[in-house]
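The values are calculated or read from the model by the stated rules, or taken from the named source; none is laboratory data. Keep in mind it's a predicted model, so treat the numbers as computed, not measured. Here the Cβ positions follow ideal geometry from the backbone for every residue, glycine too, while neighbour counts run over all protein chains shown. These accessible areas exclude ligands, DNA and RNA; they are computed on the full protein's heavy atoms, side chains included. Shrake-Rupley method; radii C 1.70, N 1.55, O 1.52, S 1.80 Å.
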Amino acid sequence: MAVVLGAKICSFVTFKTMNRTSKPDIDYKLNSRCNAVQSSQAALPSRRHVLVFSASFVTVLILNCFPPPLQARAKEEEKDDGVAGAIKSLFDPNEKTKSGKLLPKAYLKAAREVVKNLRESLKEDTKDIAKFRRTADAAKESIREYLGSWRGQEKVVREESYVELEKAIRSLASFYSRAGPSAQLPEEVRSEILNDLNTAEEFL
């Protein structure tokens, strides 16, 4: 009887001891597993973020470095049109004026030179004789070339710029033919010629 009781007590103590020693081990293992799961779950967003960022970066590279065929073809066609337009403009004898008309480039160049040089000579101070002569000679030369190439030309004779330049040149020639080549241009004549030049410039 005492032996059986002793055996039961030993069994009870052994069971309790096993429970006391094994429970912390079980708790530790459970805590370790929970921590591992939480760590893996916490890592998921960062990994997902990396994957999304990488996909976006690759998409940007593809769009920028390898444009779609239609987009590339459109750019090539636009480039070809620009080159063709530049070549055509280079060999085109005509040019569009400020008023939208197409006139010969040579005429527009000659007329603009007359406006520029004659205006400078009219505004030049006559007290500086050397500078005044340089500007006057440039104006005279541009008028001579203009009249030699375009006087009475059917292509431009009815153009507003031609009419206004003719008025300015006639006024200048008329004054000096009466007063002599060394006469000083009156202010009213100077203003009239400058107005004609400004009007002509609006159509060039």
Exercise. By its C-alpha gyration tensor, with a ≥ b ≥ c as the square roots of the eigenvalues, how is the stretch 112-173 shaped: rounded for a/c under 1.5, else prolate for a/b larger than b/c, else oblate?
Worked result: prolate
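All other residues with a Cβ under 11 Å from the Cβ of V156 taken together, and with Lys, Arg as +1 and Asp, Glu as -1, what is their net charge?
0
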For this session: Please list the non-local residues whose amide H lies under 5 Å from the amide H of L204, H modeled 1.01 Å from N, same-chain partners needing a gap of 5 or more.
Result: K98
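Calculate the FRET efficiency for K96 and R158 from the Cβ-Cβ distance with a Förster distance of 25 Å, rounded to the nearest 0.05.
Computed FRET efficiency for K96 and R158 comes out at 0.90.
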Exercise. Roughly speaking, to the nearest percent, how much of the stretch 153-204's 1.4 Å accessible area is carbon and sulfur?
Worked result: 46 percent
For this session: Just read off the accessible area of F132 with the full protein assembly in place, 1.4 Å probe, to the nearest 10 Å².
Result: 60 Å²
Seminar exercise, completed: The answer for N94, listing residues at least 5 apart or on another chain whose modeled amide H is closer than 5 Å to its amide H, is K105
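Can you bin the stretch 99-204 into rounded, prolate or oblate? Criterion: square roots of the alpha carbon gyration tensor eigenvalues sorted a ≥ b ≥ c, rounded for a/c under 1.5, prolate for a/b above b/c, oblate for the rest.
The shape class here is prolate.
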Problem set entry | Above-threshold pairs, the threshold being 30 Å between Cα atoms, out of K105/K167; K96/K127; K101/K127; K96/K116 | K96/K127; K101/K127
